[in-house]
1. Per the Cauchy relation, a quarter of the hull surface: what is the mean projected area of the convex hull of the alpha carbons in the range 215-304, in nm²?
2. For the range 285-290, just list the computed ³J(HN,Hα) in residue order, Karplus coefficients 6.51, -1.76 and 1.60, θ = phi - 60°, integers in Hz, with x standing in for Gly and Pro.
3. Take the residue pairs Lys98/Lys292; Lys134/Lys248; Lys15/Lys50; Lys186/Lys223; Lys101/Lys178; Lys15/Lys292 and return only those whose Cα atoms are more than 25 Å apart.
4. When the Cα atoms of the range 173-261 are enclosed in a convex hull and the volume is divided per residue, what value in Å³ results?
5. What is the mean projected area of the alpha carbon convex hull for the chain, to one decimal in square nanometres?
6. Which shape class, rounded, prolate or oblate, goes with the range 139-192 when its Cα gyration tensor gives a ≥ b ≥ c as root eigenvalues, a/c under 1.5 marks rounded, and past that a/b bigger than b/c marks prolate?
7. Taking a 1.4 Å probe, which of Thr128, Thr93, Thr282, Thr111 shows the most accessible area, and what order do the others take after it?
8. Tell me, what is the percent relative contact order of the chain, built from C-alpha pairs under 8 Å that lie six or more residues apart?
Amino acid sequence: MPADDIKQTIRALLKDRNALLLAHNYMRDEVQEIADITGDSLGLSQEAAKTDADVIVFCGVHFMAESAAILSPGKTVLLPRLDAGCPMADMVTVEGLKAMKAQYPGVPVITYVNSSAAVKAESDICCTSANAGKVVNSLPDREVIFVPDRNLGRYIARFSDKTFHFWDGYCPTHERLKPEAVQALKAQHPDALFICHPECNPAVVALADHVCSTSGMYDYCRKSPARRFIVGTEAGILYRLKLDSPDKEFILASPALICPNMKLTSLEDVLAALQTMSPVVTVPEDIRVPAKRALDRMIAIPRD
């Protein structure tokens with residue numbers, strides 16, 4: 001079936017099923033193009049919870065669909081590719097986290113949303129890359145356990161006088177970006193600003209003109225007077241950056257910035273999910289309730 005026909009069929013099925021199509025910022029361009037909402041993982045789950053749709057089709061990876069199921073227990077959450085996982089989320093287990101908590105008794109656990117529902121359930125509060133600093137500052141404790149991304153944790157620790165105990169996890173895609181590649185591009189394009197995600201290695205973050213989440217990159221580039229940007233995050237973000245700021249140039253910092261898991265979901269997968277109403281992602285209540293508590297504590301922190 002031609003791509004345009006697939007898109008039309010998907011949109012028709014979404015209407016028939018009273019379904020909402022969500023696509024993460026790192027999805028393939030053609031998937032982002034037909035989504036009802038694009039954004040970061042938690043923002044999409046929060047949008048899903050607000051809607052009166054019966055079905056949420058989450059084009060992302062497994063932990064994202066779990067977050068939607070946590071916040072919207074009355075809705076059917078479909079993940080078109082059940083094998084779309086997250087290596088960073090897989091780096092932390094409940095058993096390992098319990099052992100770390102035993103090593104630092106009484107120290108609160110801050111868990112990045114890029115984690116499984118079961119790990120969230122074992123945590124005190126969640127955070128995103130955008131609000132991690134606020135979450136840290138919201139706790140009265142002088143020590144925190146930060147799970148699972150060591151790079152995000154180290155970046156946030158730069159702005160805090162608290163003691164951090166880091167889980168040794170990381171995003172393989174962001175870790176592949178090397179400072180030498182950034183330095184070469186900066187030399188080639190001296191007028192360009194380098195923006196990067198805090199999941200990048202500290203040596204890369206040190207070269208950045210601006211460090212922020214994916215959603216933050218859209219705002220920053222739109223408002224900045226600069227005309228050219230070197231972008232240090234997954235390649236999928238270029239689709240909306242170019243849509244938002246068509247008069248500006250965006251240069252991917254490295255061809256290695258492609259997440260194979262984020263690129264698994266195709267239009268055909270979305271169509272099949274809506275036709276078969278599968279695969280469905282659910283979270284057992286004994287995990288969902290404490291995981292939601294950790295998310296709710298984060299969401300309750302006032303925004304600026």
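1. Over every viewing direction, the Cα hull of the range 215-304 projects on average to 9.3 nm².
2. Values, residue by residue: 4, 5, 9, 4, 5, x Hz.
3. Lys134/Lys248; Lys101/Lys178; Lys15/Lys292
4. Convex hull volume per residue, Cα atoms: 83 Å³.
5. 15.9
6. Verdict is oblate for the range 139-192.
7. The ordering from most to least exposed comes out as Thr282, Thr93, Thr128, Thr111.
8. After rounding, I find 22 percent.
The values are calculated or read from the model by the stated rules, or taken from the named source; none is laboratory data. Not measured: the values here are computed from a predicted model. Counting neighbours? That spans all protein chains shown, and the Cβs are built from the backbone with ideal geometry, glycine included. For the accessible areas, the whole protein counts, side chains as well, though only heavy atoms, and no ligand, DNA or RNA atoms are used. Shrake-Rupley method; radii C 1.70, N 1.55, O 1.52, S 1.80 Å.
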